[in-house]
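Student: Have a look at the structure that comes next, please.
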Amino acid sequence: MDLQYASMHHDDIDNSVILCHACDLAVRRRALPSGVRALCPRCHTALYDTPFCSINGMLALCLSAVALFLPANLFPVLELHFLGSVRTATVFQGAMAVMDLGYWVVGIAVLVAAVIGPGLLLLSIMSQILLVKMGLNPGWQRDLYKWLLRRHGLFSQITMLEIYVISFLVSAFQLSDFSDIYFGVGTFSFTMLFLVTLFLQREYNIEHMWSRLND
Amino acid sequence: MTDNVQTTGKEMGQCLCPVCRKTNPVNVTNCSRCGADNQARDYGSLQKSWALLITAAILLIPANVYPITTLVNQGKVTHDTIFSGIKHLVHSDMLPIAIIVFTASILVPWLKIIGLATYLTAISFSLPVSKRRLMAGFHIIEWIGRWSMLDLFVISLTVALVNMGQLLDAKPAPAATAFALVILLTQLAAKVLDTRLLWDRLDLENDKH
């Protein structure tokens with residue numbers, strides 16, 4: 001990021017002055033210590049922070065998330081033992097169960113927020129990292145990179161892993177009233193997937209990714 | 001930073017790309033970096049946001065009045081609305097869980113709809129409300145909005161696990177769809193709105209603190 005506020009000229013609007021996306025105030029960009037966020041002085045919207053965004057660090061997190069994605073979705077996240085019979089449910093089965101009963105709006109919402117959203121997000125970040133590693137050559141590489149960056153906001157908004165993790169705790173407590181509830185490999189994988197994705201999203205910096213197109 | 005003189009991008013003839021946040025001159029039609037439409041302000045967003053919000057507010061009624069789950073326990077059928085489900089939780093001594101569910105499925109949707117309505121009214125009719133406070137509220141609404149999904153996740157897990165015929169069976173009920181749409185529409189209403197309009201329309205004199 002350009003942090004040349006000492007040697008700044010008024011006409012060089014592009015780098016030294018940024019506009020707040022919430023209230024359109026022009027703010028002068030300054031150097032920040034790490035871990036500090038710059039807020040808009042007028043409306044207190046977060047403007048920017050010091051990006052770390054190390055490509056290799058993100059790649060490592062991304063690979064672990066991808067490795068966890070399959071077990072998190074294939075193994076049951078909850079197991080119910082009731083009068084000798086054992087019922088298990090994966091995230092996908094949960095969505096399909098409500099869909100089969102005719103509540104497809106609910107089913108799709110669950111499927112998008114807990115399976116498709118995270119999947120797309122991981123796939124997108126992974127492709128972006130690989131494209132950067134390949135050198136972002138003009139042509140299809142840059143076009144695909146731009147296409148993915150434009151959709152990043154949507155992908156991260158429909159990813160709701162953290163809420164799902166809380167929801168299987170809530171379900172477990174609710175159902176423990178009439179039956180025994182057990183957590184399985186799926187629960188562990190899903191929670192780990194949530195944690196790894198959380199760190200990945202902290203590491204990821206969209207502005208930094210966009211700025212790679214400038215040079 | 002800009003302390004006393006508050007210049008906006010509009011006055012400087014610049015505007016921020018809504019997608020990639022690059023600063024572009026106002027007279028350019030598309031962002032030079034990502035190609036998105038370049039607009040100084042999105043005036044239509046106010047109407048879109050109102051439309052989505054009003055639809056959500058209407059759907060909030062069936063979401064709360066109709067049952068959200070149907071439970072068959074040893075042949076006995078009980079319908080639970082969002083509120084009665086929470087009451088059950090309180091009665092069965094699961095207060096922390098009850099608080100979580102209450103926050104996610106009653107407090108958050110109501111707060112969001114009332115909050116967004118206040119926000120939109122303030123912009124549409126230039127009400128004398130502190131913009132700073134409105135903006136803080138808006139950030140909270142944007143952030144907590146997604147937590148309403150909790151209830152839907154819990155329903156889907158419960159339905160998948162508890163299906164043992166007449167002995168014990170859980171099913172979703174009509175309010176579930178209405179509730180899902182309330183979440184979707186309120187999220188969209190907040191997303192679609194161009195918040196820069198608030199700062200243009202209200203006078204600075206309302207913002208002394």
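The values are calculated or read from the model by the stated rules, or taken from the named source; none is laboratory data. Computed from a prediction, not measured in an experiment: that's the story for all the values here. Heads up, the Cβs are rebuilt from the backbone with ideal geometry, glycines too, and the neighbour counts pull from every protein chain shown. These accessible areas exclude ligands, DNA and RNA; they are computed on the full protein's heavy atoms, side chains included. Shrake-Rupley method; radii C 1.70, N 1.55, O 1.52, S 1.80 Å.
Student: Somewhere in region B:62-72, is a residue facing another protein chain (nearest Cβ under 8 Å) and of a type in the set (Val, Ile, Thr)?
Tutor: no
Student: I would also like to ask the following. Restricting to region B:140-160, count the residues that are at pLDDT below 90 and facing chain A (nearest Cβ under 7 Å).
Tutor: Number of matching residues: 1.
Student: Can you work out which of the residues in region B:184-209 that are in contact with a Ser or Thr (Cβ under 7 Å, 6 or more places away or on another chain) and at pLDDT below 80 is surrounded by the fewest Cβ atoms within 10 Å (Cβ to Cβ)?
Tutor: For region B:184-209, the residue satisfying everything is B:His209.
Student: Please verify whether B:Leu181 is open to solvent by 50 Å² or more (accessible area, probe 1.4 Å), in a helix (DSSP H, G or I) and modelled with pLDDT of 90 or more, treating the condition exactly as stated. Quick ask: steps written out before the conclusion?
Tutor: Details: open to solvent by 50 Å² or more (accessible area, probe 1.4 Å): yes; in a helix (DSSP H, G or I): yes; modelled with pLDDT of 90 or more: yes.
So B:Leu181 passes the test.
Table: residues versus (1) within 25 Å of A:Met96 (Cα to Cα); (2) touching a helix residue (DSSP H, G or I) at 6+ places or on another chain (Cβ under 8 Å); (3) among the charged types (D, E, K, R).
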position: B:Lys112; (1), (2), (3): no, yes, yes
position: B:His139; (1), (2), (3): no, no, no
position: B:Phe153; (1), (2), (3): yes, yes, no
position: B:Leu167; (1), (2), (3): yes, no, no
position: B:Pro172; (1), (2), (3): yes, yes, no
position: B:Thr177; (1), (2), (3): yes, yes, no
position: B:Lys191; (1), (2), (3): no, yes, yes
position: B:Leu198; (1), (2), (3): no, yes, no
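Student: Right, next: Name every residue in region A:120-139 that is on the phi < 0 side of the Ramachandran plot, aliphatic (A, V, I, L, M) and open to solvent by less than 40 Å² (accessible area, probe 1.4 Å), in order of residue number.
Tutor: A:Leu121, A:Leu122, A:Ile125, A:Met126, A:Ile129, A:Leu131, A:Val132
Student: Inside region A:185-215, can you point out the residues that are within 12 Å of chain B (Cβ to nearest Cβ) and either of a type in the set (Asp, Glu) or open to solvent by less than 20 Å² (accessible area, probe 1.4 Å) (or both)?
Tutor: Of everything in region A:185-215, those that are within 12 Å of chain B (Cβ to nearest Cβ) and either of a type in the set (Asp, Glu) or open to solvent by less than 20 Å² (accessible area, probe 1.4 Å) (or both) turn out to be A:Gly186, A:Thr187, A:Phe190, A:Glu207, A:Met209, A:Trp210, A:Leu213.
Student: Would you mind telling me which numbered condition in (1) in contact (Cβ under 8 Å) with a residue 40 or more places away in the chain; (2) among the small types (Gly, Ala, Ser); (3) under 14 Å from A:Phe69 (Cβ atoms) A:Ser124 fails?
Tutor: (1)
Student: Given the condition part of a loop (DSSP other than H, G, I, E, B), of a type in the set (S, T, N, Q) and modelled with pLDDT under 95, answer yes or no: does some residue in region A:127-147 qualify?
Tutor: There is at least one residue in region A:127-147 that is part of a loop (DSSP other than H, G, I, E, B), of a type in the set (S, T, N, Q) and modelled with pLDDT under 95.
Student: Next question, about the same structure. Restricting attention to region B:81-123, report how many residues are of a type in the set (Gly, Ala, Ser), open to solvent by less than 10 Å² (accessible area, probe 1.4 Å) and over 13 Å from B:Leu150 (Cα atoms). Don't jump to the end; show me each part of the working.
Tutor: If we filter region B:81-123 for residues that are of a type in the set (Gly, Ala, Ser), which is where we start, we get B:84-85, B:92, B:98, B:104-105, B:115, B:117, B:122.
Checking the rest, the ones that are also open to solvent by less than 10 Å² (accessible area, probe 1.4 Å) come to B:98, B:104-105, B:122.
Still in the running and over 13 Å from B:Leu150 (Cα atoms): B:122.
Counting residues in region B:81-123 that are of a type in the set (Gly, Ala, Ser), open to solvent by less than 10 Å² (accessible area, probe 1.4 Å) and over 13 Å from B:Leu150 (Cα atoms) gives 1.
Student: May I pose another question? Could you tell me which of the residues A:Gly153, A:Gly117 is within 12 Å of chain B (Cβ to nearest Cβ), modelled with pLDDT of 95 or more and either out of contact with any helix residue (DSSP H, G or I) (no Cβ under 7 Å at 6 or more places or on another chain) or open to solvent by less than 30 Å² (accessible area, probe 1.4 Å) (or both)?
Tutor: A:Gly117
Student: Restricting attention to region A:124-153, which residues are among the polar types (S, T, N, Q) and more than 17 Å from the chain's Cα centre (by Cα)?
Tutor: Matches in region A:124-153: A:Asn137, A:Gln141.
Student: If you don't mind, there's one more thing I want to ask. Tell me which residues, restricted to region B:144-160, are within 20 Å of B:Thr81 (Cα to Cα) and either open to solvent by 30 Å² or more (accessible area, probe 1.4 Å) or of a type in the set (A, V, I, L, M) (or both).
Tutor: Those that are within 20 Å of B:Thr81 (Cα to Cα) and either open to solvent by 30 Å² or more (accessible area, probe 1.4 Å) or of a type in the set (A, V, I, L, M) (or both): B:Trp147, B:Met149, B:Leu150, B:Leu152, B:Val154, B:Ile155, B:Leu157, B:Val159, B:Ala160.
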